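Here the structure comes first, spelled out in structure tokens, and everything after it is commentary.
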Amino acid sequence: MRFNVILASNFDSVKRLIVFSGAGISAESGIQTFRDAGGLWENYKVEEVATHEAFSRSPELVLEFYNLRRRAIAKVEPNDAHLHLRKLEDKFDVTVITQNIDNLHERAGSSRVLHLHGEITKARGAQGKHEIEDIGYTDIKLGDKATNGSQLRPHIVWFGEDVPEYENAMNIISTANILIVVGTSLNVYPAAGLIHYAPLEAEKYLVDPNILAGDSLQNFEIISKPAGTGIPQLVQRLLG
Ligand code: APR
């Protein structure tokens, strides 16, 4: 009985730390963000490459857009921000909720990563009940079939599609003792709304070189630095 009591008290004392990341955390690995100068949406129109309608209208253009991004991700490495977030697991119960479709958090060693907008290394059937298939970094071509026989498509949440992991993410973030938001313009909903589900009393940090202290985010400590600098410094502080 005593052993259980000790375990329980230890378990309760481990703080839950939630990371909410966006494209900015992968910028220093060499992956383009979306809305910065030179970002993806400067060269592509969302409605031409990132909607279900676009896929129905021009499947080869959409498949090639994700093939290019998948090939780029295969060539880069996690940066100091991803690597330091993994270190937080030595002291905290960490869950990373990411809007990113790259696998850099996993490759840095984070053990619990929730992808809100899907994963570039996974694919599924475009029609019907589908399984999620690991494709690694291989291209998807028109005519490639999923296990259910329909055209293979990236396992990505396109604009206008449901975000199946949203409720799960909301429940997780509502239990945060510490919230770290990094590298997101907080432009895209429902994902961006998640940060408001963190408990009022949670410690909240935001790491982004372009968001200045005093910006509208209540109760956040704003760290106006690139993720590769700001996250390691914050992690050192949190690990004590
Ligand atoms: N370190 C930290 N933050 C950075 C860095 C960096 N080195 N470089 C840029 N940023 C910040 C920018 O200031 C911006 O706030 O990263 C953010 C990138 O914003 P977006 O390009 O809008 O990316 P994101 O917020 O992840 O977009 C959300 O939009 O297009 C959809 O599905 C896509 O998941 C994506 C969603």
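What 222 nm value per residue comes from the helices of the chain, counting each DSSP H run with n ≥ 4 as -39,500 (n - 2.57) and dividing by all residues, nearest 500 deg cm²/dmol?
About -9000 deg cm²/dmol.
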Alpha-carbon gyration tensor eigenvalues x 5, square-rooted, for the range 49-120, Å: 30, 14, 6
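Under a 1.4 Å probe, what is the accessible area of the chain per residue, stated in Å²?
Details: 11860 Å² over 240 residues.
Solvent-accessible surface per residue comes out at 49 Å².
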Give me the number: length gained by fully extending Lys225 to Ser58, i.e. 0.36 nm times residue separation minus the C-alpha to C-alpha distance, one decimal in nm. 56.2 nm
Carbon-plus-sulfur fraction of the accessible area of the chain, 1.4 Å probe, in percent? 53 percent
With +1 assigned to the C-beta of every Lys and Arg and -1 to the C-beta of every Asp and Glu, and no other charges, what is the dipole magnitude of the chain about the Cα centre in debye, to the nearest 20? 420 debye
Choose one answer from Gly183, Gly228, Gly39: the residue with the largest mean-square fluctuation in a GNM of the chain with alpha-carbon springs under 10 Å. Gly39
Could you report the accessible area of Glu77 in Å², rounded to 10, computed with a 1.4 Å probe on the protein chains as they sit in the structure? 120 Å²
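The values are calculated or read from the model by the stated rules, or taken from the named source; none is laboratory data. Predicted model, so just to flag it, every value in this text is computed and none were measured. Using ideal geometry, Cβ is built from the backbone for each residue, glycine included, and neighbour counts are taken over all protein chains shown. Just so you know, the surface numbers come from the protein's heavy atoms only, side chains and all, with ligands and any DNA or RNA stripped out. Shrake-Rupley method; radii C 1.70, N 1.55, O 1.52, S 1.80 Å.
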